[in-house]
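None of the figures in this text is laboratory data; all of them are computed from the coordinates on show. What you are looking at is a predicted structure, and each value in this text was computed from that prediction instead of being measured. Don't worry about glycine lacking a Cβ; one is built from the backbone with ideal geometry, like all the others, and counts go over all protein chains shown.
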Amino acid sequence: MKKVAVMVADGTEEIEALTVVDVMRRANIHCDIISVNGREIKSSHNIEILADKVIDKDIKDYDMIVLPGGLPGAYNLADNKLLIETLQEFNNDENKYIGAICASPAIVLSKAKIEEGKLITSYPGKGFEDLLKKADYSEENVVVDGNLVTSRGPATALPFAYKLLEVLGYNSKEISDGMLWNLL
């Protein structure tokens, strides 16, 4: 069974984090909420989230790491040395996946120095494109480049989560139809 780690920190954008967790769990994929700030965090809109775990060396055992955005959440994720080292290892392993949405493609992926030469999207404006100057920047809502999946922000959280399912080898249609995505 595939294992997905959705990373959170104080200031994480809750829609981006919890949408991925929800979709993964609906698909019966093992998905943990893993914090870099202790089990209790306060999201970017002051919603308290109780993480399943706090980051430790076991993070390397997951098949996918997902990085929600939000401010200062993305900066808090980028400040975690173990997470950055693990992302660099995942980037060099074609069987490990990285998902990043909103501010995290610019802030976290650039901190890990894994954006160079990759096709990436992120939240538009706020100088995020400047952090991705070594990347090939896209304005698409969801972009896949090898083992890297990026997306733009809160409104793209569902298509991002469905794409994450697909890169893990699952058919997202049953889940998305059950969530009435087909009615939009």
Taking Cα pairs closer than 8 Å and at least 6 residues apart, the relative contact order of the range 93-184 in percent is 27 percent
Which residues qualify? For Ile114, with a placed amide H closer than 5 Å and at least 5 residues away or on another chain, they are none
In debye to the nearest 20, how big a dipole does the chain give about its Cα centre with +1 on each Lys and Arg Cβ and -1 on each Asp and Glu Cβ? 80 debye
In the neighbourhood of Asp22 defined by beta carbon distances under 13 Å, the net charge of the other residues (Lys, Arg +1; Asp, Glu -1) is 0
Pairs from Lys2/Lys60; Lys111/Lys133; Lys2/Lys53; Lys57/Lys173; Lys3/Lys173 whose Cα-Cα separation, in the structure shown, is over 23 Å: Lys57/Lys173
Could you point to the residue in Gly11, Leu71, Ser35 farthest towards the positive end of the range 1-98's charge dipole, with +1 and -1 charges on the Cβ of Lys/Arg and Asp/Glu respectively? Ser35
Just from the alpha-carbon atoms, what are the Rg and Dmax of the chain in angstroms? 14.7, 42
Just add up the charged neighbours of Asp145: K/R +1, D/E -1, any other residue whose Cβ is under 9 Å from the Cβ of Asp145. 0
If I take R0 = 30 Å and measure r between the Cβ atoms of Asp145 and Met179 in this structure, what FRET efficiency does the formula 1/(1 + (r/R0)^6) give, to the nearest 0.05? 0.70
The range 121-165, dipole about Cα centre (Lys/Arg Cβ +1, Asp/Glu Cβ -1), debye to the nearest 20: 140 debye
Give the distance, in whole Å, between the Cα centre of the range 28-105 and the Cα centre of the range 146-162. 15 Å
Expressed as a rounded percentage, what relative contact order does the chain have, with Cα pairs under 8 Å and six or more residues apart? 20 percent
Stretch gain in nm, segment Glu116-Asp56, where the contour uses 0.36 nm per residue and the Cα spacing is subtracted: 18.9 nm
What is the order of Cys31, Cys102, fewest Cβ neighbours within 10 Å to most? Cys31, Cys102
Net charge within 13 Å of Asn182 by Cβ-Cβ distance, Lys/Arg positive one each and Asp/Glu negative one each, not counting Asn182 itself? -1
